[in-house]
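Let me begin by presenting the structure, written as C-alpha cells, before commenting on it.
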Amino acid sequence: MRAMLCNEFSWPDGLAMGEIAPPVPEDDEVLIDVEVASVSFMDYLMASGGYQMRPELPYAPGTDAAGVVRAVGKDVTLFTPGDRVTCFNWYGGFAEQMVAKEWKCVHLPDGVEAAAAATVLHNYGTAYYALLVRDQLKPGETIFITGAAGGVGLATVDLARKLGGRIIAGVGSDDKAAIVEKYGATAVVNYNTEDLPARIKALTDGKGVDVCFDNIGGEVFQKMTRLMNWAGRLMPVGFTSGDIPEVPMNLPLVKNYSIVGLFSGAWFEKFHDEGRIANDTIMGWLAAGEINPYIDRTLPLEQAGEALQLIADRKTQGRVVLQIG
C-alpha cells in the first residue's frame, strides 16, 4: 500500500513516499481504510527523532485518522466491516490502511464529516483529560493557554469556552489573535513581543491565573511559575520551545498551587474504559455542534512532509488534514 514513510530519524531527509505491506489487525484491533488523517506536532517530533518513542523503521507517521472499517480481529465486538470510524494510534495514519485498538476507535455519527472527526480525538482528548480530569476547570475560573492557536491549544480554548472558563490565550504572533478570539478567548497575549508578567497581572488584578495550560515550556513556563493564583494549577503539556524548564519549589509552596503533569496518551493506554467514555463524549459534542474543530488546510498524502514543516514552523492554526482515500 502507499504510505508516507519515515525511513530514518532525520528531518526532512528521512521522510519519503513509498510502499509498505498492509497492516494485519491483531485480535483486539480494527483495520481501517483511511480516508483522511490529521497532522500533529507529535508526528513531526517523532519523525525528527525528538519524541520519547521511536517506532521500528520504516513506519508511517500519523496519530489520528478516519475512514471505513475493512476488517476486525476475532475479539472485536463493537465494530464490523463497513462502519465509518475515526481512530487514533501512536503512528500509522499517513497510509492507505491503518490499525488501531478497538478501544481507540469511535463510530462516526450520521452527518459528521471524516475530516472533522479525524482532528478531534488527539486534540480534544488532550483538552478533555486536562480540563475535566486533571485540572477540573470550574466556570468563571481564569485559564491561560499557551500555543493557543495550534491544534491542541485551540481545542483547549474551545473546550474551556464550553466549560465556562475565562480564557486568556497566549500566542507567538499577532496574526493568530483573530482565531483564538473567535473560539472564545476574552484576552490575547503575544508572549514573544509583550511583557508577559505585566499583561497577566493586569488581566487578573494582580492575582494570577487559576489554571495554566502550557504547550511551550522554557521561559514562558518559568514566568508562569510566578503568575499563578492561590490554589491554582500549573500544567506542563509539552515543550515546543525545546527547553524543559526547572521550577523553584518555593513558588508553589508560597501560593499553595499545584503542578499537574499531563500525558494524555499514557492515560488512554492505562484506563481504557475512561478513555472510551472520553472519546464517545467528544464525538457526541462534535455531532451536536458543541465543539468546532478548525481545519487550517487539506493537502494530499504526498505533501505530508510539507504539512509537518508548516507545523514545525508555527505557520498553521488548528489542524492540517491529509486526503488519502
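The values are calculated or read from the model by the stated rules, or taken from the named source; none is laboratory data. Every value quoted in this text rests on a predicted model; they were computed, and no experiment measured them. Methodologically, a virtual Cβ is constructed for each residue, glycine included, from the backbone with ideal geometry; neighbour enumeration extends over all protein chains shown.
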In the stretch 272-325, how many are small (G, A, S), in contact with an Asp or Glu (Cβ under 6 Å, 6 or more places away or on another chain) and buried (at least 19 other Cβ atoms within 10 Å of the Cβ)? 1
What tally of residues in the stretch 1-41 results from selecting those that are assigned to a strand (DSSP E or B), surrounded by fewer than 18 Cβ atoms within 10 Å (Cβ to Cβ), charged (D, E, K, R) and touching a helix residue (DSSP H, G or I) at 6+ places or on another chain (Cβ under 9 Å)? 1
Looking across the stretch 311-325 at residues that are of a type outside the set (V, I, T) and at pLDDT 95 or above, the single one that is farthest from C6 (Cα to Cα) is Q323
Go through the stretch 185-228 residue by residue and tally those that are charged (D, E, K, R), outside any strand (DSSP E or B) and touching a Pro at 6+ places or on another chain (Cβ under 9 Å). 3
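Residue by residue, here is whether (1) modelled with pLDDT under 95; (2) assigned by TED's automatic domain parsing to the domain that holds L299; (3) surrounded by fewer than 24 Cβ atoms within 10 Å (Cβ to Cβ); (4) out of contact with any Phe, Trp or Tyr (no Cβ under 9 Å at 6 or more places or on another chain) holds:
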{"site": "M53", "(1), (2), (3), (4)": "yes, yes, yes, no"}
{"site": "A95", "(1), (2), (3), (4)": "no, yes, no, yes"}
{"site": "E102", "(1), (2), (3), (4)": "no, yes, yes, no"}
{"site": "C105", "(1), (2), (3), (4)": "no, yes, no, no"}
{"site": "L108", "(1), (2), (3), (4)": "no, yes, yes, yes"}
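Just checking, does the stretch 310-318 include any residue being assigned to a loop (DSSP other than H, G, I, E, B) and touching a Leu at 6+ places or on another chain (Cβ under 6 Å)?
Looking through the stretch 310-318, at least one residue is assigned to a loop (DSSP other than H, G, I, E, B) and touching a Leu at 6+ places or on another chain (Cβ under 6 Å).
To keep it simple, each residue is scored yes or no on (1) of a type in the set (F, W, Y); (2) within 23 Å of G62 (Cβ to Cβ); (3) out of contact with any Cys (no Cβ under 7 Å at 6 or more places or on another chain).
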| residue | (1), (2), (3) |
| --- | --- |
| N250 | no, no, yes |
| N256 | no, no, yes |
| L262 | no, yes, yes |
| W267 | yes, yes, yes |
| H272 | no, yes, yes |
| R297 | no, yes, yes |
| L308 | no, yes, yes |
| D313 | no, yes, yes |
| V321 | no, yes, yes |
Looking only at the stretch 132-184, how many residues end up being part of a helix (DSSP H, G or I) and surrounded by fewer than 23 Cβ atoms within 10 Å (Cβ to Cβ)? 12
Within the stretch 50-72, which residues are outside any loop (DSSP other than H, G, I, E, B), more than 19 Å from the chain's Cα centre (by Cα) and not hydrophobic (A, V, I, L, M, F, W, C)? Y59, G67, R70
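Can you pull out every residue in the stretch 90-113 that is of a type in the set (A, V, I, L, M), closer than 24 Å to E19 by Cα and in contact with an Asp or Glu (Cβ under 7 Å, 6 or more places away or on another chain)?
Correct list: V99, A100.
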Run A114 past the list (1) more than 21 Å from D174 (Cβ to Cβ); (2) crowded, with 24+ Cβ neighbours inside 10 Å; (3) of a type in the set (G, A, S) and report the number of the one that doesn't hold. (2)
Any residue in the stretch 187-202 that is more than 17 Å from A148 (Cα to Cα) sitting within a Cβ distance under 8 Å of a residue that is among the charged types (D, E, K, R)? List the pairs, counting only those 6 or more apart or interchain. P197/K223; P197/R226
Taking only the stretch 73-109 into account, find how many residues are of a type outside the set (F, W, Y) and either touching a Gly at 6+ places or on another chain (Cβ under 7 Å) or in a strand (DSSP E or B) (or both). 16
